[in-house]
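Visitor: The structure that follows is given in the form of structure tokens.
All of the numbers you see were taken from the coordinates with simple rules; none came from a lab. Everything numeric here is computed off the predicted structure, so don't read it as measured data. Here Cβ is always computed from backbone atoms with ideal geometry, including for glycine, and neighbour counts include all displayed protein chains.
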Amino acid sequence: MLLTELKGVGQKRAELYKKLGIETAEQLTELYPRDYIDFTNVKPIFELESGEVCAFRARVMKKTYPSGYSGRVQVYKAELSDGNDDITAVFFNTKFTFDNLKIGAEYVFYGKITADFIRMQVSSPQFADAQNAGLMPKYHLTAGLTNNAVIANMKAALSVVRREETLSDKIREKYALPGISDALRMIHFPKTRAEYESARKRLVFEELLTLRLGLSMIKNRAKRLTGAVMADADMSRFYGSLPFVPTSAQLAAVNDCIEDMKKSCPMNRLVQGDVGSGKTMVAAAAAYFARCSGYTTLVMAPTDVLARQHYETFRAFLEPLGASVGLLSGSLSAAEKKSVREAAKQGEIDVLIGTHALIQRTVGIQRLGLIVVDEQHRFGVNQRSELAKKGADPHVLAMSATPIPRTLALIMYGDLDVSVLNEMPKGRLPVKTYAVDSTFRQRVYNFIKKHIAAGKQAFIVCPRVEQGENDASDKKSAIEYYNKLTAEDFAGIPTGLLYGKMKQADKDAVMNDFRENKLKLLISTTVIEVGIDVPNAVVMLIENAEQFGLSQLHQLRGRVGRGKEQSFCILMSDSKTDYSVARAKAMTETTDGYKIADIDLKLRGPGNLFGSQQSGILPLKTADLADDADILGQVQALSDEITKADPALSAPENAGIRKNVSKLLGAVGENGLN
């Protein structure tokens, strides 16, 4: 039913809920609390201390309404007692709330305590009837929507919404899970901490089970398709042409790909490795193997800058071996793009490289046998499913330089086989990382200039492009910072500027000049986060480091340390919060991307690991993979058991789960599960 059909929700409030993505009563019941006020953990008044936020039980002895106005503030006071001690509750401009307090009635109050030598006071406390006090939900809100309004609307929604049970009696009994109706009531209005824990376990379990089964179905469906079966080939010519010796991990990953590509079902493999571990060589080897069997390869990069870099790298690897490499870049003219597409259509290009958008518009490509997707974490489950439909069900090789904690990988990449590159190329030195505040600014600038004078290059990264007119913050603007530095501290030093909204041709020009050492310093936003490879760059300064996620800082750091020289990353921040300090400590103590990813998961949760562009890849409303590893383990075992016994989820006891999976996969749909 529509929200406007719900008692207490008019058109105006419905518009506010719409900003939260909620348009029906059913969707409202899935707006789970972000936190709770715990009215069950109470203190006697004599134990209350000034400055603490806590709950206490007391009876209303007297109420005092304002006798007049004090400016625009109306002050309402209630004298409270627990039978031994007294405290005053003060409310500001909240007559309706104050009216709900009944003299002689007992309540549990929750708020911040203040005290002087004479009396204790609690300001604008939340309160609940002492007989029914439990945990009060706190919801995500939008301007104009109050928590009390959501609570009232939620109670109305729960009274009319009837959610169909999706887990069988057998599963609920085995894992001690409440029914869905009880779980919904208890997650929104738990009377005890135990009720909350029980409800949350049920919702987390169902959510993770749905995701695991959905990914398994995509994987199993792909295995029933016939791919471009390739014949064995001698790879010694490829390895012999390399200017370096591959690591054991690289060789193992290539062998994994070759074995997959020789099978009758399409490869669906992820090559995951920390920054600089050599994933591109693995992809080039797979493309060479495909060419040996007469198949072409598409390489999809997340940005135009990275697409062009891959083009240069693949050319260096493959053109000496007689393979032709083409590029579809946003900076090409319409005529050039048409020419490249025509060449691909005629079978004149063995490896075609471009961004996701450009490649996906490519219609005709001869004997497509392999698709390489770079920065796999930017691709969701449905997009991976759509890739499998291209060409004659080609093999798919995904690459990610973003280390993923094991628990998160089980969810994100449950439909993929994984090869891990856990060795760095020989001769690479770990990047030395330092965390400093702005009092070190001049010393850092001098440090950068010293390395530039020695013939090296450097990056300075800023979190924002331009200042808002009314923005009084000191967050650095890449454009303003560039103008300031080139006029002052770095005057006379060839310096480039790079940010996302630049024209593609301008971006390419700046990056080419930096690669060719015509520019000594590059001031940039996070457009350089992924893939840019300039071995001569040995220093990176990251301004306002507290504005970046931990995994993002690690990705940025990976732009230096790509040559044989010692490299340095300097994190500059004046933030002293516990969160900022913990992140700085992690960055300075380890260069292991997997350790950093684990710390980032614990600090921020999975929903924020990759920034706003990743929304939808992890559609988790209740699960927290940093804390729910035990439940995930149970779900994994159950998912494998269900998949083995009923791969199509066609059994009557799995009907509810099947509906969940179909809803999750959306475009794949129920028919796609068969």
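Visitor: Which lysines does K345 reach when only Cα atoms under 21 Å apart count, and residues fewer than 8 places away in its own chain are ignored?
Guide: Partners found: K337, K389, K390.
Visitor: Using R₀ = 30 Å, calculate the FRET efficiency as 1/(1 + (r/R₀)^6) where r is the Cβ-Cβ separation of S264 and K426; round to 0.05.
Guide: Once the sixth-power term is evaluated, E becomes 0.20.
Visitor: Excluding residues on the same chain fewer than 8 positions from K456, give the lysines whose Cα lies under 18 Å from its Cα.
Guide: K432, K518, K520, K564
Visitor: Ranked from highest to lowest mean number of other Cβ atoms within 10 Å per residue, what is the order of the peptides 557-568, 536-547, 649-660, 141-152?
Guide: Final packing ranking: 536-547, 557-568, 649-660, 141-152.
Visitor: Hey, another quick one. Each label point is 7 Å from the Cα along the Cα-to-Cβ direction; what then is the distance between the points at D578 and K503, in nm?
Guide: Rounded to a tenth, the inter-label distance reads 5.1 nm.
Visitor: Could I ask something else about it? Count charges around K450 for me, please; just the other residues with Cβ under 11 Å from its Cβ, Lys/Arg as +1, Asp/Glu as -1.
Guide: Value of the local net charge: +3.
Visitor: Give, as a single signed number, the net charge of other residues whose beta carbon lies under 13 Å from the beta carbon of V75, with Lys and Arg counted +1 and Asp and Glu -1.
Guide: Summing Lys and Arg as +1 and Asp and Glu as -1 gives +4.
Visitor: Still on this structure, please answer the following. Straight-line reach from K450: which aspartates and glutamates have a Cα under 13 Å away, not including same-chain ones fewer than 8 places off?
Guide: Those aspartates and glutamates meeting the cut-off are D489.
Visitor: How big is D, in µm² s⁻¹, for region 239-345 by Stokes-Einstein at 37 °C and 0.692 mPa s if Rh is the Kirkwood radius over C-alpha pairs?
Guide: 217 µm²/s
Visitor: Here's another thing I want to ask about it. I need the semi-axes of the equivalent ellipsoid of region 6-159: take the C-alpha gyration tensor, multiply each eigenvalue by 5, square-root it, list largest first in whole angstrom.
Guide: 31, 18, 14
Visitor: If you don't mind, there's one more thing I want to ask. By how many nm would the segment from D234 to Q74 lengthen if fully extended, with 0.36 nm per residue of separation less the alpha-carbon distance?
Guide: Net length gain for the segment: 49.1 nm.
Visitor: Same structure, new question: Once you have the alpha carbon radius of gyration of region 166-224, what is it after dividing by 2.2 N^0.38 Å, with N set to its residue count?
Guide: It is 1.37.
Visitor: Among S236, P246, I187, flag the residue with its Cα farthest along the positive direction of the charge dipole of region 168-315, charges on Cβ as +1 for Lys/Arg and -1 for Asp/Glu.
Guide: I187
Visitor: Also, quick follow-up: Report the trypsin sites (Lys or Arg not before Pro) located in region 49-148 that are in a DSSP loop and have at most 10 other Cβ atoms inside 10 Å of their Cβ, or state none.
Guide: R72
Visitor: Sticking with this structure for a sec: Kindly put D393, D234 in sequence by how many other C-beta atoms sit within 10 Å of each C-beta, fewest to most.
Guide: Listed from fewest to most nearby Cβ atoms, that is D234, D393.
Visitor: What residues from region 50-65 fall in the zone where the backbone N is under 19 Å from a label point 7 Å along the Cα-to-C-beta line of S81?
Guide: Residues 56-65 qualify, since their backbone N sits under 19 Å from the label point.
Visitor: What ranking do 570-583, 179-192 get when scored by the average of other Cβ atoms within 10 Å per residue, highest first?
Guide: Result, highest mean first: 179-192, 570-583.
Visitor: Which one, G111, A143, Q126, is farthest towards the positive end of the dipole of region 1-146 when Lys and Arg carry +1 and Asp and Glu -1 on their Cβ?
Guide: Of the listed residues, the answer is A143.
Visitor: While we're on this one: How many Lys pairs in region 166-224 lie less than 26 angstrom apart by Cα atoms, where the lysines are 8 or more positions apart or on different chains?
Guide: The number of close lysine pairs in region 166-224 is 4.
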